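Visitor: Mind having a look at this structure? Questions to follow.
Here, each number is a calculation from the coordinates, and none is a lab measurement. The shown structure was predicted, so the numbers you read here are calculated from the model rather than taken from an experiment. Please note: Cβ atoms are built from the backbone with ideal geometry, for glycine as well, and neighbour counts cover all protein chains shown.
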Amino acid sequence: MSFSFSRTTSVYGGAGGQGTRISSSSSPRGFNPADFLDPSADEKTTMQNLNNRLASYLEKVRSLEKANADLDQKIREWYESRPDVTFDHTIFLETIKDLRNEIQLASQDNAALILSADNAKLAADDFKLKYENELAMRRPIEADTSNLRKILDDFSLSRSDLEINIENLNEELIILRRNHEEEMSLARGEAGGQVNVCVDAAPSMDLMQAMTEIRQHYETVTEKNRKELESWYETKTATVQQEVVTQNEDLQNSRTELKELTNTLQRLQIELQTQQSMRSHLDGELEETQARYGDQLARLQVTVTSLEEQLSQFHANIANNKREYETLLDVKTRLEHEIAEYRRLLDGNEREAHSK
């Protein structure tokens, strides 16, 4: 009988959670159960070979059981060294959920900051438009004020000219009165000389009457001119004063309106500067928030990627351990089948020996 059987077994224990691997290969060569039933074979030699082969198989079984025990011990040690590694993925799911909530809150804060910046920009544009409108309204009012000042200056010059004319007319009136008095004195002197020369002359009465009429005429004309001049002066003065009052009121109103517009312009400028400062502040906060949350998101993404890699490696280790365990079970099953076959052959040989 020719019988040969070779089997190689290797045990490799990984470290750091990389798993434990057992590889086994068998290659039967020249094994045939009919050899044990051949009546021409030497029974002692057959039994010796069978015993040797059974002893070898039992040794290999013990070696595999020891390797399996070592593997179980290494698996237990690996789990004991990594107590946080478990099949419960709840902690990873909770962490991912928290990270997603943080990302969502960061996105909401970012959107709120962008909305605030946009509102501040719109408010700044509105104030800028109001400022431009107020500035456009201020320019024609300043032009009107300048024109009113020129008109007021013209009225002041006209008033000065009228006052000078009134003074000149008063001086002319005084001169006329003086001349009239001198003429009247001269006329009285001439009339007196005639009376002294011609006492009983009748025409002297007519001369006195004529002088009286002339005097009355001049006095009437003078009084009329004086009254007309005074009336003209009073009318012109009243007109000028009324115009001056009106212009002063218009000027005062213009000044008040210009002051209000100036105050409004200053207020709008202050509000514009405030809005611009607020916008700059919000832009800075937005950039800072984007940078901060960008860094946080990057770190969180790295953490999530690391956790996913660890989870994938953990699943791979579990699958590898499962495959190795199945390999061991397969080896154990095949060995049990071979041992049962040997026992069956031994029982057959014993029955055949007893029958002989």
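Visitor: By how many nm would the segment from residue 255 to residue 217 grow when fully extended, if each residue of separation counts as 0.36 nm and the alpha-carbon distance is taken off?
Guide: 8.2 nm
Visitor: May I pose another question? Can you sort 92, 127 from fewest to most other Cβ atoms within 10 Å of each residue's own Cβ?
Guide: 92, 127
Visitor: How far apart, in nanometres, would the label points at residue 164 and residue 81 be if each is projected 7 angstrom from Cα along the Cα-to-Cβ direction?
Guide: 11.9 nm
Visitor: Treat segment 111-266 as a sphere of radius equal to its Kirkwood radius over Cα pairs and apply Stokes-Einstein at 4 °C in a medium of 1.567 mPa s; give the translational diffusion coefficient in µm²/s, rounded to a whole number.
Guide: For these conditions, the coefficient is 58 µm²/s.
Visitor: Multiply the residue gap between residue 73 and residue 298 by 0.36 nm, knock off their C-alpha separation, and tell me the result in nm, one decimal place.
Guide: 77.0 nm
Visitor: While we're looking at this one, here's another question. Return the FRET efficiency for the residue pair residue 156, residue 228: r is the Cβ-Cβ distance, R0 is 30 Å, and the value is rounded to the nearest 0.05.
Guide: Computed FRET efficiency for residue 156 and residue 228 comes out at 0.75.
Visitor: Only counting other Cβ atoms within 10 Å, I'd like 337, 180 sorted with the fewest neighbours first.
Guide: 337, 180
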